[in-house]
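Read through the structure below, which is laid out as C-alpha cells, and then see the notes.
The values are calculated or read from the model by the stated rules, or taken from the named source; none is laboratory data. Because the structure is predicted, anything quoted here is derived from the model rather than measured. Counting neighbours? That spans all protein chains shown, and the Cβs are built from the backbone with ideal geometry, glycine included. Protein only, heavy atoms only, side chains kept; ligands, DNA and RNA dropped before computing areas. Shrake-Rupley method; radii C 1.70, N 1.55, O 1.52, S 1.80 Å.
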There are 2 protein chains.
Amino acid sequence: MDFLTFVERNGRRIALPAGEHVFRQGDEDRSVYVLEQGLLKAYYLSGDGRETIKSFILEGELIGSLASAWRKETCSFSVVTLEPSSVLAFDFDALHSACRRDIDLAGAMIEHLLAFSMKKERRERELLTESAEHRYRALIAASPELFERVRQKDIARYLGITPVALSRIRQRSDARAVGEGD
Amino acid sequence: MDFLTFVERNGRRIALPAGEHVFRQGDEDRSVYVLEQGLLKAYYLSGDGRETIKSFILEGELIGSLASAWRKETCSFSVVTLEPSSVLAFDFDALHSACRRDIDLAGAMIEHLLAFSMKKERRERELLTESAEHRYRALIAASPELFERVRQKDIARYLGITPVALSRIRQRSDARAVGEGD
DNA sequence: GCTGCGCATTAACCCGGGTTAACGCCAATG
DNA sequence: CATTGGCGTTAACCCGGGTTAATGCGCAGC
C-alpha cells in the first residue's frame, strides 16, 4: 500500500483556525499528522518560558512527536497553527503495525524516515558549524516563501537567536548589500 | 531476517589503528559501518579548516553518511578512529533492497531509523535551547565514560565551542562545585 | 476614529565565547 | 637524557548576541 493511501484511509481530517494547538509539549499524543493546508510551527518551551522553534511545517509535510507517538513518553515539543490549517490525523501504532504486514508501506516508511533523518542531520550541522548570520542568509536562499508567511520574531527563534539580534543582523546585512550594490 | 544477521552475512570486517579514517568528507562511500570494537569520531570540516564534532560512535553503533550511501552525493562529514577499531562494512543499497524483499529486516530498519531520528532530534534540541555549559554538564551526567576515552579538545568541539572555552567552563563549574561543597 | 497591543527597530550595557599568546606538563622520539 | 610537539590552562582583548527599555508603526476591537 502507498503511504498517502494509508493516510487517506486511516486519517481523520481536522480543521483548525490560526493560533490553535495541534498538541502541546507534555501531552500524551500518539498521533501523527499530515498537513493538508496551512502552516504549522513546532517549538520547544524551556523551563523559564523561553520559546525556540524546532521547525515550520509546510503543506504536505508530516509532524508528530516520536517521543510520544513511538516511545509512549510525552511530547517533547508543541505544535501550533500559524494560519488556518487542515491536518489529517492518524494513529502512529496503526501505521507502525501496518508496516509489519505490508512491505510496500514499510518501504515507504523507510524512505520517509531516511529523508527525515537527513533533514535533522542538516539542521544539526547548521547549528553546530554556522553562525546565526550565515544561517539567516541560507534560510533566505533556501525558503524565501517563509518570510512572506512567518513573523520575523519566529524566524529569529528558528535561527536560535532573539528578535532583537535578528533585527541587528538584518541591519548589518542590508548595509553590506547596499555597500556592495548587491 | 534479523538486522545483525544481515550485517554478519554481508559485512566485511575491517581493522583500523587509531587515527585512521573510515571515510572522509567529500568521498563517495556507499557503505554503512557497524563498530565492533574501538571508538570513532564523526566530524565536519568547515571551509576555513575549523573542525566540529557531529558525534562519537561507540561499540555496537552504526555510522555512515546518508548523503553518500543513500542519496549518492558525497559524504557530508568524515569519520576517524580515536582508538584501534574494528568495523563491519556493508553496502547500503544491499540493505536497502533486502528491506524490499524481507519484511522483518524492513521492520528492523524502521526501528533503527526511528531511534536514529530521535537521537538527532535530541541533539538538535540541545543545540537550539541549551547553553554550552548546560550541555557540558548534561554530557557528564549522560556519558561519563566518554571523558575517559576522549581528549578534552574533542569534547569541546562536540559541544560546539573551542577547547579554551571549555577550559573556562570547567574552571567556573569547579569553583561553583567547591563553593557549594557539591 | 480612537485605543491598545503586538511587532520591528534602535540604543546602551553586560556577558559568554572566539582568538591569540604564553606557560607548564607529559609522552613519544631521538 | 634532552628534545619536540600536542594538550590543557590562564590571561587579555574583541565581538556577537542577550537583556532591557524607549520609540514608532500597523492592525484589531470598540
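A few points about this structure:
- For the range B:56-100, applying the loop criterion from DSSP together with a ceiling of 15 other beta carbons within 10 Å to the trypsin sites (Lys or Arg not before Pro) yields B:ARG71, B:LYS72.
- Listed by chain and number, the lysines whose alpha-carbon sits under 26 Å from that of A:LYS119, ignoring those within fewer than 8 places in the same chain, are A:LYS41, A:LYS54, A:LYS72, A:LYS153, B:LYS41, B:LYS54, B:LYS72, B:LYS119, B:LYS120.
- With every protein chain in place, chain A: carbon and sulfur % of accessible area (1.4 Å): 49 percent
- Accessible surface buried by the B/A pair amounts to about 3500 Å², both sides summed, 1.4 Å probe.
- Loop-resident GluC sites (Glu not before Pro) (DSSP state other than H, G, I, E or B) in the range A:1-100 with no more than 16 further Cβ atoms inside 10 Å of their Cβ: A:GLU20, A:GLU28, A:GLU59, A:GLU61, A:GLU73.
- Rounded to the nearest 20, the Cβ-based charge dipole of the range B:3-119 about its Cα centre (Lys and Arg +1, Asp and Glu -1) stands at 200 debye.
- Size descriptor, Kirkwood hydrodynamic radius, that averages inverse alpha-carbon separations across the protein assembly as shown, Å: 22.4 Å
- For chain A, hydrophobic long helices are taken as DSSP H runs at least 18 Å long by C-alpha position along their axis with mean Kyte-Doolittle hydropathy of -0.5 or more; these are A:103-129, A:163-179.
- Projected label distance in nm at B:ARG12 and B:LEU62, using a 7 Å step from Cα toward the beta-carbon: 2.1 nm
- The residues of chain B present an accessible area of 49 Å² per residue when probed at 1.4 Å with all protein chains retained.
- Added length on full extension, which subtracts the Cα-Cα distance from 0.36 nm per residue, B:ARG71 to B:ARG50: 5.0 nm
- The protein assembly as shown, helix-only ellipticity at 222 nm - DSSP H runs n ≥ 4, -39,500 (n - 2.57), divided by all residues, nearest 500: -15000 deg cm²/dmol
- Of B:ILE103, A:SER68, B:ILE169, farthest towards positive along the dipole that unit charges on Lys, Arg, Asp, Glu beta carbons give the protein assembly as shown: B:ILE169
- Surrounding net charge for A:SER85, when Lys and Arg each add one and Asp and Glu each subtract one, Cβ distance under 10 Å: -4
- Shielded residues, the range B:27-65 - accessible-area loss of 20 Å² or more between chain alone and all protein chains, probe 1.4 Å: B:TYR44, B:ARG50, B:THR52, B:LYS54
- Computed over the alpha carbons of chain A, Rg followed by Dmax gives 18.2, 62 Å.
- Distance between the C-alpha centres of the range B:7-46 and the range B:137-174: 24 Å, rounded to the whole angstrom.
- Net charge dipole size for the protein assembly as shown [Lys, Arg +1 and Asp, Glu -1 on Cβ; Debye, nearest 20]: 880 debye
- Average beta carbon contacts from partner chains per residue of B:123-131, 10 Å cutoff: 6
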